[in-house]
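**Q** Sending over a structure as structure tokens; questions will come in a sec.
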Amino acid sequence: MTGGNKIEKYLFELIQVALGNRSALSTVPTQQEWQRLYGLMSKHTLIGIGYVAIQNLPREQWPPKMSVLQWTSVANGIRNRNMTLNEECRSICEEFTHDGVESVVIKGQSNLEYYPEALRDYRTPGDIDLWCQARNGVEIGEMVNGEVVKSEFHGMAGVIEYCKQYERNRGRNIPWHRVLYYHCELKSDNGIAIEPHYRISYLHSPIRNHRLQKWFTQQFDVCIHNKCLIGFPILTSSVNVVYQLVHLYRHIFENGIGLRQLVDYYFALRVWHNDVMECKDLLSQGMWSEGLGTPVMSASEVMAVLRSFGMAKFTAAVMFVLHEVFAMTTHYYICKPNEKEGKKLLAEIMQGGNFGQYDTRDAALKKGGMVKHGVWKLKRVMRLVRSYPEEALWEPVFRVYHLVWRKING
């Protein structure tokens, strides 16, 4: 076994310890190996998860004292950041709702609700992502000839115009090229990045994207009423198990994914599976539902949705990775794993780290100007064409469409 493969083996085992799928490492890492393992965990933004794993290891397998202090210091910072962001999510959702923009917290902080209590505070947070709709209209005021003229906007336009006004009220503007097809970017009064999504996600293929937009739009009502204990709405477990996979799929084409995103999906699957099992027990009592009476989707129903999005092969690849890396048991599968595609996906994940930030392939192109970056993106997408031809071949077309869309709507 090479040194790199040995550290990856320790990485997988340490994650499994944190998840409760094993009790100890196969061997005790040396001090140098612990340092390399820390670097690899950091690459995948899993320091907090690693910290919890260390607490669960037999004492004789703990890293050196100075290493433990390093893990502990970062983990405490993660816990404090999560507390701050949880409160910010609640506050922002209340503010948006008051102003006429209904908001559901997606990915990010909403994932904490799916994590077990021992791990919940130690998931490395990012920004705040919201799924927003302005169904009852949003009133926007603009200065015209020294007078405030008010206009009412609905739907997606309502969310976009509200976000623009949100920034104007704070002396900032959203550049046209940052009003994207699915979200724009704001800063809260506390300086925290917020991404309001007027489309929860997207696919490159027009037909698949149409199906995706239609399906998720139909799910918004039940999700807006699905409040978590912290006090803000989150996706129901059935919607989440579909959405998180769409999120992974899209980022494979964008820049890559890391193991943190797979840990998120692992717990999304577990919570959804437990809801399904619980509802099967309740079925005999005529009470099979989640949220406000919405039926929990079975595995076959989830797969039917994912298949309609053209994601069956990717789903099978993810099942393989979850089993290989996290030792996920077969009863959590939503389909049979695809070993060939799973190995390719895992290689991509280990190459790039968190959202592909550590991928050194064609680095000069990636960090170059618009043309060079476009070439880098095309090369990345073409690596995926054999696995996911429909989505890969539509990507260049969607990129041109997206540029035109931003110029019109930004």
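**Q** When ranked by the protection proxy of mean other Cβ atoms within 10 Å per residue, highest first, what sequence do the peptides 342-349, 21-28 form?
**A** In decreasing order of mean packing, 342-349, 21-28 become 342-349, 21-28.
**Q** Tell me what the chain gives for mean residue ellipticity at 222 nm when only DSSP H runs of n ≥ 4 count, each as -39,500 (n - 2.57), the sum divided by the residue total, rounded to 500 deg cm²/dmol.
**A** The helix-only estimate for the chain comes to -18500 deg cm²/dmol at 222 nm.
**Q** Using 7 Å Cα-to-Cβ label points, what is the R406/N190 separation (nm, one decimal)?
**A** Roughly 3.0 nm, to one decimal.
**Q** Continuing with the same structure: Against the longest principal axis of the chain, how steep is helix 259-283, in degrees 0 to 90 to the nearest 10, with axes from Cα atoms?
**A** The two axes meet at around 80 degrees.
**Q** Please give the contour-minus-distance gain from S26 to N169: 0.36 nm per residue of separation, less the Cα-Cα distance, rounded to one decimal in nm. Please list the in-between numbers first.
**A** Working: separation 143, 0.36 × 143 = 51.48 nm, distance 5.67 nm.
Stretched fully, the S26-N169 segment lengthens by 45.8 nm.
**Q** Show me the ranking of peptides 374-384, 234-244 by mean Cβ neighbours inside 10 Å, starting with the highest. Let's see the in-between values first.
**A** Values: 374-384: 16.6, 234-244: 25.5.
The peptides rank, most packed first, as 234-244, 374-384.
**Q** Lysines within cross-link reach of K150: Cα-Cα under 22 Å, excluding same-chain residues under 8 positions apart?
**A** Result set, ordered by chain and number: K164.
**Q** Once the Cα atoms of segment 1-63 are picked out, what are the Rg and Dmax in Å?
**A** Cα radius of gyration and Dmax of segment 1-63 are 10.4, 27 Å respectively.
**Q** Need one number: nm distance between label points at T217 and R386, each 7 Å from Cα along Cα→Cβ, rounded to one decimal.
**A** Calculated label separation equals 3.9 nm.
**Q** Relative to the longest principal axis of the C-alpha atoms of the chain, give the angle of the C-alpha long axis of helix 312-326, reported between 0 and 90° and rounded to the nearest 10°.
**A** Here the helix axis deviates by roughly 40 degrees.
**Q** Find the relative contact order for the chain and round it to a whole percent, using C-alpha pairs within less than 8 Å whose residues are 6+ positions apart. Intermediate results must be reported in sequence, preceding the final value.
**A** Numbers: 571 pairs, mean separation 60.8, N = 410.
15 percent.
**Q** Further question on the same structure: Distance from a point 7 Å along Cα→Cβ of E33 to each backbone N in segment 47-63: keep the residues under 15 Å and list them by number.
**A** Only 58, 60-63 fall inside the zone, counting backbone N under 15 Å.
**Q** Something else now. Roughly what angle does helix 339-352 make with the longest principal axis of the chain, taking Cα atoms, 0 to 90 degrees, to the nearest 10?
**A** Its long axis makes an angle of about 80 degrees.
**Q** Let me ask something else about it. So what are the ³J(HN,Hα) numbers for segment 123-138, from phi and the Karplus equation (6.51, -1.76, 1.60; θ = phi - 60°), rounded to whole Hz, Gly and Pro as x?
**A** 6, 5, x, x, 9, 9, 10, 10, 9, 10, 9, 10, 6, 9, x, 10
**Q** How big is D, in µm² s⁻¹, for the chain by Stokes-Einstein at 37 °C and 0.692 mPa s if Rh is the Kirkwood radius over C-alpha pairs? Numbers along the way, then the final one.
**A** Numbers: Rh = 22.7 Å.
The Stokes-Einstein estimate is 145 µm²/s.
**Q** Moving to a separate point now. So, by mean Cβ neighbours within 10 angstrom, what's the order for 127-134, 171-178 with the highest one leading?
**A** Top to bottom by mean Cβ count within 10 Å: 127-134, 171-178.
**Q** Pull up the cross-link candidates among the lysines for K366, meaning alpha carbon to alpha carbon under 19 Å and not fewer than 8 places away within one chain.
**A** Straight-line reach from K366, under 19 Å: K43, K377, K379.
Throughout, read-outs are computed from the coordinates displayed, never taken from laboratory work. Quick caveat, the model's predicted, so the values are computed rather than measured. Backbone-built Cβ (ideal geometry, glycine too); neighbour counts: all protein chains shown.
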